1. Starting from 0 in steps of 5 Å, tell me what percent of the Cα-Cα pairs of the range 1-104 lands in each bin.
2. Measure up 136/302; 53/313; 225/294; 136/294 against 31 Å on the Cα-Cα distance and list the ones that go over.
3. One quarter of the convex hull surface, Cα atoms only: what value does that give for the range 263-325 in nm²?
4. Give a residue-ordered list of calculated ³J(HN,Hα) values for the range 11-18 (Karplus: 6.51 cos²θ - 1.76 cosθ + 1.60, θ = phi - 60°; whole Hz; x for Gly, Pro).
5. Rounded to whole Hz and in sequence order, give me ³J(HN,Hα) for the range 72-82 from the Karplus expression 6.51 cos²θ - 1.76 cosθ + 1.60, θ = phi - 60°, writing x for Gly and Pro.
6. Solvent-accessible area of residue 310, probe 1.4 Å, all protein chains present, reported in Å² to the nearest ten, please.
7. So who's got an amide H within less than 5 Å of the one on residue 114, skipping anything under 5 residues away but keeping other chains? H placed 1.01 Å off N, in plane.
8. Quick one: what are the phi-derived ³J(HN,Hα) couplings along the range 44-52, Karplus 6.51/-1.76/1.60 with θ = phi - 60°, whole Hz, x for glycine and proline?
Amino acid sequence: MAHNLATDKKTGKVAFASGNNQVAWHKLGQVVEGMMTAEQAIELAQLGYDVVKEPLYVQMEGSNILVPNHFATLRNDTKEAFGVVGNNYTIVQNRDAFGFFDSIVGEGAAIYETAGALGIGQKIFITAKMPNDIIKINGIDDITEMYVVLTSSHDGNGSIIAMITPIRVVCQNTLNAALNNRLRTVRIRHTASAKERLEQAHEVLGITHVLTQELNECFNHLAKKKVTDAQVTELAELIFPSASKKEEGEVSTRIENLRNKFLNTYQTGIGQSQILGTAWGVYNGVTHYLDHEKEYKNDSTKFDSIMGGESYKIAQNALNLLMAL
């Protein structure tokens, strides 16, 4: 699978940094021992560039003709064009994105675990660990830590997204593990109020110790719910339904294979042995499959699917079904 991380054409350096000595699946980028500060993350992940918005022209018969109400966004360092935006599009620089985290824990805190840029830098992501916020499933050694993830795009093809996500320590794997488990999300459009809204997003998300307590109760509730193998098989059919009415009478080979892969992940995935036979085990089987086992066309497709596409919807449906048991 292509990693799709931005790469410096002169040095070959990949725009990705990982803290806490966590090596990503692609084994690229810079890895540091502890958590990173904002300044370290910006430098190591090569996010120090600014984005500019310039008038858009088209060339016709040797003449440059201005396209009204349309602009191009570009990197100021490489002059590469990201995309086309309208009059109201407001740029939120990469450094402003880190300011969102400062509003939660204060400036200079070493909380950043991953940061990077995709494509030619048109999409960035940051994950930060919230200090002292952990969830423990009673009776077993299964710990979940709380993270905040932020993504932003500079090409006009997406909002700024900030989210809270729980990540199990046993299967932690940077950004993709975080995105599929998101619980609360704020979307901010690139308008004149974007920077102000970003600074206030932590209030909307409700990032407090009360949230951690609520999630602790929720996850322990799932851990206490017992499920049989027959129930898990039935749940697999609901979580991964047939794609069309044509498949209702005879399950397609693709859907059958998909369900079997999930069931195998539920039985044998990392950390699953101690939570088998519970709704918590089923939920983590689903998210582990989507994060680590499911095949995607490329990493960009995986990113979009987990952010709000098919994989996100599957995970959310699974959680709803399990809570309703």
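The values are calculated or read from the model by the stated rules, or taken from the named source; none is laboratory data. The structure presented is a predicted model; accordingly, all values stated were derived computationally and were not measured. Cβ coordinates were reconstructed from backbone atoms using ideal geometry, including for glycine residues, and neighbour counts include every protein chain displayed. With ligands, DNA and RNA removed, areas are computed over all heavy atoms of the protein, side chains included. Shrake-Rupley method; radii C 1.70, N 1.55, O 1.52, S 1.80 Å.
1. Per 5 Å bin, starting at 0, the Cα pair percentages come out as 2, 10, 16, 17, 16, 14, 10, 7, 4, 2, 1, 0.
2. Values: 136/302 29 Å; 53/313 34 Å; 225/294 26 Å; 136/294 27 Å.
The answer is 53/313.
3. Working: hull surface 17.0 nm².
Approximately 4.2 nm², given one-decimal rounding.
4. Taking θ as phi minus 60°, the curve returns 9, x, 6, 8, 7, 7, 9, 10 Hz for the range 11-18.
5. 10, 9, 9, 6, 6, 8, 9, 6, 7, 8, 8
6. For residue 310, solvent-accessible area is about 110 Å².
7. 19, 127
8. Result, ordered by residue: 5, 8, 6, 9, x, 6, 9, 10, 10 Hz.
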